[in-house]
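Okay, so here's the structure we're looking at.
Coordinate-derived values only; no laboratory data. Given the structure is predicted, the values throughout are model-derived calculations rather than measurements. So basically every Cβ, Gly included, is an ideal-geometry build from the backbone, and we count neighbours across all protein chains shown.
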Number of protein chains: 2
Amino acid sequence: MRVFIVLGHRARLDPGFSLNDLPGSAGRIDVLCRCVNSAFCLSHDLRRDTELYLVLQDQVTLRFVGSRLRHLNPDERSTAALIQRALAAREQLAAEPALAAAGQGEVESTPGIYISHRGLREVLSEAQSRVEELILLHEAGLPLRQAELAADSGFVLSDHLEFLPGELELMVALPKLSLGPLSLHADHCIVIVHNELDLRFGSGACYNGRRWDM
Amino acid sequence: MRVFIVLGHRARLDPGFSLNDLPGSAGRIDVLCRCVNSAFCLSHDLRRDTELYLVLQDQVTLRFVGSRLRHLNPDERSTAALIQRALAAREQLAAEPALAAAGQGEVESTPGIYISHRGLREVLSEAQSRVEELILLHEAGLPLRQAELAADSGFVLSDHLEFLPGELELMVALPKLSLGPLSLHADHCIVIVHNELDLRFGSGACYNGRRWDM
């Protein structure tokens, strides 16, 4: 399984934003929508072996589970509407603690999208138990292509803002990798990581008899 | 210079679509907006050495010129608004042929975005004169990573639909390359190509003293 964790530093925690102004009033939820697209969207298919955590303001976490996802389209607006539904479910979660207890702290707002009151520390701990290695994507890291990678890897990325000192402190033990000489958007980083893993662990996938194991 | 040519098979040719429904009424202009993002957006910067052609229904071409681009934000909606302005300028172009003559068939609708009445054949011919090699990105191609590439390369991609037989016929002489074992969205392909070229021709860019020439 592949796991991505994206930190949304300014994303709204309530559903009261306009779908017509995702960069502004929604606190750059457009960035997070593009990360959802990169994590899951294939041409006429979804990546079922991937999970994505969006950690909003270190307080609320949306978990997207590829094997269960439905209703996901590639455009930003419809993804933002799914996030809005999840944030509405969070308000229900806050109002009815029994719901949280039943779902081990999470509720599923639409198929494959779960919301909980968790911050980065809890998410790192859960993700670490699900992959062989958790990696911090950081411009100061070693080149990804030269690194050994497990098929079951997790990657932590930041939105349009730098990691905060407190976040880096929580992740000080993680290996750091970078993708190239330029500073890239988080969603573009996810695309590049997927491609690297596809090429290394593509399960012998082939086109026209030409194997893609490189 | 890097050049990308994306074929938009169903995109509207007039500006009368709703920014609230880019996948539907606008004819999948959301796909093209994401290609604009991938072609130009860096973290807090734009790729100035890139040009992108969006060829709509083989009739109308939008040319985005990185060195002149302004007002480009990464979100789909604001990019769609720029495309809408270009399509409005096209109507002016059709009404006033003198404008087209003055601009050699193109008008600049906002800084760095030009619109013209050109189809794939004309665009291929112009692009071929500007790069060392034009390449067709196609699932049946050889692996990109194993191919020789020039720093000044151009790449032709299709939107969410397959290339049409007539399009493939025009490009029969182009080398074909592919990116991996899975069928990817056009905007994701652009991200991967940029990364490959960044790593090969990164102008000696380095982080923390570690050179990125690989």
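Condition test on B:Ala151, is it small (Gly, Ala, Ser) and out of contact with any Asp or Glu (no Cβ under 9 Å at 6 or more places or on another chain)? Don't jump to the end; show me each part of the working.
Values: small (Gly, Ala, Ser): yes; out of contact with any Asp or Glu (no Cβ under 9 Å at 6 or more places or on another chain): no.
Here the answer is no, as B:Ala151 does not meet what is asked.
Tallying residues that are under 20 Å from A:Cys189 (Cα atoms), assigned to a loop (DSSP other than H, G, I, E, B) and of a type in the set (Lys, Arg) within the stretch A:13-72 yields 3. When restricted to residues that are within 14 Å of chain B (Cβ to nearest Cβ) and in contact with a strand residue (DSSP E or B) (Cβ under 7 Å, 6 or more places away or on another chain), the stretch A:50-82 contains 5. Can you find a residue that is of a type in the set (D, E, K, R) and over 24 Å from A:Leu197 (Cα atoms) anywhere in the stretch A:127-135? No, there is no match, as no residue in the stretch A:127-135 is of a type in the set (D, E, K, R) and over 24 Å from A:Leu197 (Cα atoms).
To keep it simple, each residue is scored yes or no on (1) part of a loop (DSSP other than H, G, I, E, B); (2) on the phi < 0 side of the Ramachandran plot; (3) crowded, with 17+ Cβ neighbours inside 10 Å; (4) away from chain A (no Cβ under 14 Å).
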| residue | (1), (2), (3), (4) |
| --- | --- |
| B:Ala127 | no, yes, yes, yes |
| B:Val131 | yes, yes, yes, yes |
| B:Arg145 | no, yes, yes, no |
| B:Gly154 | no, yes, yes, yes |
| B:Leu168 | no, yes, no, yes |
| B:Val172 | yes, yes, no, yes |
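Take the conditions (1) away from chain B (no Cβ under 14 Å); (2) within 17 Å of A:Met1 (Cβ to Cβ); (3) among the acidic types (Asp, Glu); A:Glu108 misses just one of them, which is (2). Candidates are the residues of the stretch A:1-38 that are more than 25 Å from A:Gln92 (Cα to Cα) and more than 11 Å from chain B (Cβ to nearest Cβ); the one that is nearest to the chain's Cα centre (by Cα) is A:Phe4.
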